[in-house]
Amino acid sequence: MLELKNVSKLFNPGTPDEKVALMNANLTCNSGEFITVIGSNGAGKSTLMNIISGVMKPDIGEVRIEGNAIQQLPEYERSRWIGRVFQDPMAGTAPRMSIEENLAMAYKRGQKRGFSLGVTSAKRMLFHEQLQRLGIGLENRLSAKVGLLSGGERQALSLLMATFTKPQILLLDEHTAALDPARAELITRLTEEIVREMKLTTLMVTHNMEQAIRLGNRLIMMDKGKIILDIPHDRKKNLTVSQLLGEFQQISGQQLADDRIVLG
Amino acid sequence: MLDSIYGAIALGLIYALMALGVYITFRILDFPDLTVDGSFATGGAIAAVMITQGYSPWLATLGAFVGGLAAGACTGLLHTKGKINGLLAGILMMIALYSINIRIMGKPNVSIVNMDTLLSPIAKPIGLFILVLLVAVLIVKLLLDAFLHTDLGLALRATGDNSKMIRSLGSNTDTTTVIGISLSNGLVAVSGALIAQQGGFADSTMGVGMIVIGLASVIIGEAIFGARTVIIATLAVVMGSIVYRIVIALALRVELLEASDLKMITALIVIIALVVPTVRRTYKQRSLARKRSAELLAIPAMDKGGKS
Ligand SMILES: Nc1ncnc2c1ncn2[C@@H]1O[C@H](COP(=O)(O)OP(=O)(O)OP(=O)(O)O)[C@@H](O)[C@H]1O
Ligand SMILES: [Mg+2]
C-alpha cells in the first residue's frame, strides 16, 4: 500500500517565480490497484511521481509504503520498492551498454552491488526468456548496444527493466507519449499484460483520455497541485471521454488545458 | 634509432597505467578529472620517499597506489558532497597536491639513483624489460576489464552513461563516482611511482601536463583501435600510450623540434582529435539536412504528378 498524506511541494519558494506543484495532496493506493492519472499541464503529475520515487522530497507531508514513512529516504534506497518508466525513451536505459548489461543492472534493483560478475550465463537465459515475452526480437540481440535500438524498443526494454524484479510500485509518467501510435499501442499492451500478471500497484500518467478510462481500475484527475477527482472502478467502467471532460470543467471551473491531450 | 623506439615502448607501457586512469574518468565516468597532474607526482613522491627510507619497492609502490586512491577520493567528495563543479574540484586538488607532494618529500625533489627499485632488477636487457612491463600492464588491464563487468563495475559505467537511470535502479551515484575517480588516481599514482623508479628521482613538477598526455593516449588509441567494447577500449588505451611515446620519440629526432615543444605538440594532438570529429559531424548533418530538404521538396511535386 502506498499513501501520500498532506504532501506539498513548491518550486522557487519566495521568489516571483514561485510555482505550486503539489498542495496538500492526499492519496491512498491499495495493493494491486492500477490507477491512471490525468490533468492539465503543470497540474503536478510528474512532481507526484518524483515525490513518490524520491527524486524530490516534499516540503511538508508524508509518503508511506506499507505504513513506513519513506519521504526522507534518497531515491536510490527507495528503488527497491519502486520501478519507473520515464516519458523520454532515452531516460530509462544506458545507451553505451548492451541490452544484457542493462538488464543485469535492473536485475540488481535495490540490492548491494559487489564484485560478482554482472552478466552470467544463468542470467542470460533468464533475460532471453523475459525479452521473448516482449515479442519484438530483442532476445536475439542481447549483446547489442542499447543506443542502437529505436525509441519503441528502448521503451519496451525500460518497461521490462522497471518490472522484472517485481517491485511493489510501478510509476509510469507518460511513457508512451514520445512514441508513434503503433509503438505506443505496443507499449500500452505490454504494460497492461505485465501489470495484470504481476499484480503491481501502478500509477500511470497519460494524456490519452480514452486510455485513461479503458486501462486500470481507478482514475484520478489532478489540477493545480491537488487531486480533484477520484473515480473508482465501477464508475470508471461506464465513463465516456466527454463525461470526464465535463466533470473536470465542473469541478475546476475551466476546461482541461493540455497541449498533448488525446481524446482517443 | 631502434634504441629510442624500444625506450619509447617501455615508457609507453608505464604511462599506460596513467592513461587507463584517465580513461576511467574521462570516458567511463564522463568526468573531466584534472587531479591527475597532482596525483601522478604524489605517486612518485610517496614511492621515492619510502624507498629512500628503506621500505621494499613493492610496499613503496603500493603506498603510492593508496596515496592516489586518497587524492581521487578527495576530488570525488568535493564534487559529489561539496557540489563543486567537476573541473574546479580537480583543479583545487591538483593545486593542493602540489604543496602536499613537497611536504611528502620534504623538498622539491628526491633522488633514488642507484637504489633498489621494482624496475632495477629487470631494466636490462631492454627486451626483457618491455616483456615484463607488457605482462604487468596487461594484467592490470584485464583486472580493470573484469571489474568493469561486475555488478559494481556496471553501476560505475552506468553512472557515466545515464546516472538518472542507475539511481532509479538503486545505485548511489555519489558513491560510484567517488570509487571511479579514486581508482583512476590510484592507477595514475602507480604510474608516477614507476616513472620515479625508472628515472631515479621524484620531482614536484613531474606531473605537469600529465592529464593532456593521458587524454592524447586515450584519443589516439580509440582512433586507431576503436572502442566498441570495454575490453577493446582498454587495449586501445594501452596501445595509444605506446603510439604516443613512439610519435614523440620520432618527433624529437626531427631537428626542428626541441624537448620543450613536447607539451605544445601533445596539446595540438588533443585539439585536433577533439575538433575533427565535431567538424565532421556538423558537416555530415548539414549535408544530410540539405538532402532531406530536397527530398521533401520533391514529394508534393510527385503528388501533383500522380493526380493529374
Ligand atoms: N524543476 C522545477 N523547477 C521549477 N518549477 C518546476 C520544476 N518542475 C516542475 N515545476 C513546476 O511545477 C508545476 C508542476 O509541474 P509538473 O511537471 O509536476 O506538472 P505535470 O502535471 O507533470 O505537467 P505536464 O502535463 O506538462 O507534464 C508546474 O507549474 C511546473 O512549472
Ligand atoms: Mg509531466
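Worth pointing out:
- For chain B, the longest principal axis of the Cα atoms and the long axis of helix B:86-105 meet at an angle of about 10 degrees.
- Normalised by the number of residues in segment B:193-251, the average gap of Cα pairs under 8 Å and 6 or more apart makes the relative contact order 30 percent.
- Neighbourhood net charge (15 Å Cβ-Cβ; Lys/Arg +1, Asp/Glu -1) for A:Ala25: +3
- Each residue, B:Leu128 and B:Leu88, gets one label point 7 Å from its Cα in the Cβ direction; the gap between the two is 5.3 nm.
- Residues of type lysines that B:Lys263 reaches as a straight line, Cα spacing below 27 Å, ignoring anything fewer than 8 places off in the same chain: B:Lys107, B:Lys141
- Panel order for A:Ser252, A:Ser158, B:Ser241, B:Ser99, by other beta carbons found within 10 Å of each beta carbon, from fewest to most: B:Ser99, A:Ser252, A:Ser158, B:Ser241.
- Coordinate range of the alpha-carbon atoms in segment A:77-155 per principal axis, descending: 31, 30, 23 Å.
- Taken along the Cα-to-beta-carbon direction at a fixed 7 Å, the label points for A:Leu142 and B:Val276 span 3.8 nm.
- Of the residues B:Gln53, B:Gln198, B:Gln285, the one that moves most in a GNM of chain B with alpha-carbon contacts below 10 Å is B:Gln285.
- 0 to 90° range, to nearest 10: angle between helix B:126-148 axis and chain B longest Cα axis: 50 degrees
- For segment B:2-253: rounded, prolate or oblate by the Cα gyration tensor [a/c cutoff 1.5]: oblate
- Stretchable slack from A:Gln72 to A:Gln243, in nm (0.36 nm times residue separation minus alpha-carbon distance): 57.6 nm
- Listed by chain and number, the aspartates and glutamates whose C-alpha is less than 13 Å from the C-alpha of A:Lys166, apart from same-chain residues fewer than 8 away, are A:Glu197.
- Sequence-separation-based contact order of chain A, relative, with Cα cut under 8 Å and 6+ spacing, percent: 26 percent
- As a length-normalised measure over Cα pairs under 8 Å and 6 or more apart, the relative contact order of segment B:2-253 settles at 41 percent.
- Each other residue within a Cβ distance under 15 Å of A:Phe11 adds +1 if Lys or Arg and -1 if Asp or Glu, for a net charge of +2.
- Exposure proxy shown here: for A:Asp17, A:Asp173, the number of other Cβ atoms within 10 Å sets the order, fewest to most, as A:Asp17, A:Asp173.
- Other protein chain Cβ atoms within 10 Å, averaged over every residue that makes up A:116-125: 2
- DSSP beta bridge pairing in segment A:2-252, given as percent antiparallel to the nearest 5: 55 percent
- Principal-axis tilt of helix B:262-307 within chain B, Cα atoms, nearest 10 degrees: 10 degrees
- Averaging the Cα positions of each part gives two centres, and for segment A:205-258 and segment B:212-277 these lie 61 Å apart.
- Most fluctuating residue given options B:Ala16, B:Ala155, B:Ala146, as computed from a GNM of chain B linking Cα atoms under 10 Å: B:Ala146
- Residue order, fewest to most beta carbons within 10 Å, for A:Glu247, A:Glu197: A:Glu197, A:Glu247
- Label-point gap, in nm, between B:Val135 and A:Asp17 - each point 7 angstrom along Cα→Cβ: 6.1 nm
- Net charge of the neighbourhood of B:Thr234, taken over other residues with C-beta under 14 Å away and scored Lys/Arg +1, Asp/Glu -1, is +2.
- Entries in A:Lys108/B:Lys164; B:Lys83/B:Lys164; A:Lys19/B:Lys164; A:Lys45/B:Lys164; A:Lys224/B:Lys83; A:Lys9/A:Lys226 that, when Cα-Cα distance is taken, lie over 21 Å: A:Lys19/B:Lys164; A:Lys224/B:Lys83
- Within straight-line reach of A:Lys237, meaning a Cα separation under 21 Å, sit the following lysines at least 8 residues removed in sequence or on another chain: A:Lys199.
- For the residues of A:71-81, the average number of beta carbons from a partner chain within 10 Å of their own beta carbon is 3.
- Residue by residue along A:98-111, Cβ atoms of other protein chains within 10 Å of the local Cβ number 4 on average.
No lab work stands behind these numbers, since they all come straight from the coordinates. Because the structure is predicted, anything quoted here is derived from the model rather than measured. Ideal geometry is used to build each Cβ from the backbone, glycine not excepted, and the neighbour counts take in all protein chains shown.
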